[in-house]
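Data first, discussion second: the structure below is written as C-alpha cells.
The values are calculated or read from the model by the stated rules, or taken from the named source; none is laboratory data. Everything quoted here is computed from the prediction, not taken from an experiment. Here the Cβ is made from the backbone with ideal geometry for all residues, glycine too, and neighbour counts use every protein chain on show. Ligands, DNA and RNA are excluded from the accessible area calculation, which covers all protein heavy atoms including side chains. Shrake-Rupley method; radii C 1.70, N 1.55, O 1.52, S 1.80 Å.
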Amino acid sequence: MKRNFNGAATTPQNVKLGFKIHFLVFLLIAPAIWLIWYLTDTTYPWPLWSTPAWALGILFHYLGAFVFKKQRA
C-alpha cells in the first residue's frame with residue numbers, strides 16, 4: 001500500500017470514504033452557516049461566497065475520487 005507524506009493510505013476505498021465524509025460535512029455545515037446568517041444580520045448575504053466555493057470544492061473532490069481515477073497501488 002502506498003502512503004502519502006502525511007501517512008494517509010491512498011487506497012480507492014479511502015479516497016471514496018474521504019469524499020463521502022467531505023460531502024457529509026458540507027451537508028451538515030452549509031445549512032448551519034445559512035442559519036447563522038439568518039439569525040444575525042441579513043443585510044448582506046455573505047454565505048453566497050462560501051457555499052458555492054465549497055460546493056465547487058466538493059465537485060472537484062468527486063471528480064478526483066470517482067471520475068478521474070489514477071492507478072493507485
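Some points to look at:
- Residue check, residue 5 modelled with pLDDT under 95 and hydrophobic (A, V, I, L, M, F, W, C): yes
- With respect to the conditions (1) surrounded by fewer than 10 Cβ atoms within 10 Å (Cβ to Cβ); (2) at pLDDT below 95, residue 11 lacks only one, and its number is (1).
- Candidates 57, 64 - the one that is out of contact with any His (no Cβ under 6 Å at 6 or more places or on another chain), within 28 Å of residue 13 (Cβ to Cβ), surrounded by 12 or more Cβ atoms within 10 Å (Cβ to Cβ) and modelled with pLDDT of 95 or more: 57
- Each residue in region 15-41 was checked for being open to solvent by 70 Å² or more (accessible area, probe 1.4 Å) and either in contact (Cβ under 8 Å) with a residue 12 or more places away in the chain or not basic (Lys, Arg) (or both), and 16 pass.
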